[in-house]
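Worksheet: one structure, shown below.
Each reported figure results from applying straightforward, stated rules to the coordinates on display, with no laboratory input. Owing to the predicted nature of the structure, the values given are computational and were not obtained by experimental measurement. Counting neighbours? That spans all protein chains shown, and the Cβs are built from the backbone with ideal geometry, glycine included.
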Ligand code: GLA
C-alpha cells in the first residue's frame, strides 16, 4: 500500500494546503490475452498495487504535476495547444486530460502529486493506473460528471494519440471498474461487463515477475494487430459479415483456416480459441471450478507462446517451473508479453513451496531474481479517505 502521509506531506511542501486523495489500481489479466483489440473477451482483475494522486483544484486551467517516483515536476495548460508523443510520463497524464476535455468534460486546472507502487514495464498496467488515477482526480476536483466508461475510453485514446500504443480497452477498463474480490469479464465490443466473485479462501492468485522488461510500444504489438486484421479480410470471403475475429467461431475457423497464410493462420487461431477460453474460464470461476480455470490458463499460455508468439524464454520457463509444483492449478504469461509477469493459480497450502521452488529454480537457470507475490482483487478508481 502507498503510504498516505508522505504523499500529503509532499503535497503541502510543494503547493501548500490540504489535498484530496484518489487512486487507481494496476491489473492482472487472468485470461483472454490479445483479444480486446479483436472485439473479444477479457477476464482481468484489479490488484492491490496502485497509483495514488493527492490533488486540489485551481481556479485557472493549469495542471501542475509532481511525480514522487520520478522526483520530477511538470505542468501543462488546458487552454494551450496539446503536445504528445514526447516519450515522457506526462504524455499519459496530459493525454488523458485532453481526451476527457474532447469528450465534453469541463476540466479545471489542478495541483497534483503522484506516487505509485505498480511495477513499470512488468505487464501490470502501470500506465493505465497513471492515466485513470489522474483522470479520475481531475474529474472529481473539477466536479465534472462523466460516465465511468468514458473515462476508460479517454485514457485508451491517450495511449493511442499521446503515447503511440494502439492498445485495446482492457487495462483502462479494469482500472476504472475493478471490484474487490471479483474478476471482471469484459465484452470488448459491447463494453458490457460482468463481475464474477473470486473466492481465494483456498486458491490464491500469485504473480511471478520474470524481471525481463517488456517493450509493449515495440512494433510487435501493432504488428499482431495488423495480422489479425489481415485474417479478418481473408476470412470475410467465406464468412461474409464478420467484422472482427470475435465473430469467428472455433468450428468456422477450422473450416476455413487453410485459406490463411502463415503466420496469420496461427495468430487468428490464438484469438479465436482464446475468446472461447476466456468465456469458459469465467464460467469455471463462477462455479468455483479452479481445476478447470487452471487448465484453461495453461492452454492459453501455450497458445500465446506457440501461435501468437508473444512469450519469451523466461516466461515459458517460469510457467514450466510453476507447473511442476504440486498445488499449482494453472499458470500463464499475463499482459502484452515479451517479458513481464506470469499469473498463477496456487493452492493456499502450497504457497510456500511455490515461492521457494519457483524463486530458486528460476534464478538457477537465468541468474535473475524473480519477484513473487500474492495479489488480491481490488477496487477500481475511487476517492480515498
Ligand atoms: C496490453 C494492452 C491491452 C491488451 C494486452 C494483451 O496490456 O494494453 O489492451 O491488448 O496487452 O492482452
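Using a 10 angstrom cutoff on alpha carbons, build the Gaussian network for the chain and name the most mobile of 337, 109, 241. Of 337, 109, 241, the most mobile in the Gaussian network model is 241. Mean-square fluctuation check for the chain, GNM, Cα pairs under 10 Å: which of 59, 314, 159 is largest? Evaluated over the chain, the most mobile residue of the options is 59.
Against the chain, whose longest principal axis is taken from its Cα atoms, helix 290-306 shows a tilt of about 90°.
Between residue 249 and residue 306, the simple label model (points 7 Å from Cα in the Cβ direction) yields a spacing of 2.5 nm.
FRET efficiency for the residue 202 to residue 148 pair, using the beta carbon distance and R₀ = 35 Å, is estimated at 0.65.
In plain terms, the residue of 300, 133, 350 with the fewest other Cβ atoms within 10 Å comes first and the most crowded comes last, giving 350, 300, 133.
Extension gain for residue 86-residue 237 works out to 50.2 nm (0.36 nm per residue, less the C-alpha to C-alpha distance).
To the nearest 10 degrees, how steeply does helix 126-142 sit against the main Cα axis of the chain, on a 0 to 90 scale? Orientation of helix 126-142: about 40 degrees from the principal axis. Taking a ≥ b ≥ c as the square roots of the eigenvalues of the Cα gyration tensor, segment 319-378 is oblate, since a/c reaches 1.5 or more and a/b is not larger than b/c. Need one word for segment 212-346: rounded, prolate or oblate. Basis is the Cα gyration tensor (sqrt eigenvalues a ≥ b ≥ c); a/c below 1.5 gives rounded, then a/b vs b/c decides. Cα axes put segment 212-346 in the oblate bin.
Comparing mean-square fluctuations of 40, 339, 288 from a GNM of the chain with C-alpha springs under 10 Å, the top value falls on 288. Helix 219-235 and the long axis of the chain differ in direction by around 50°, with both axes built from C-alpha atoms.
Taking a ≥ b ≥ c as the square roots of the eigenvalues of the Cα gyration tensor, segment 17-76 is prolate, since a/c reaches 1.5 or more and a/b is larger than b/c.
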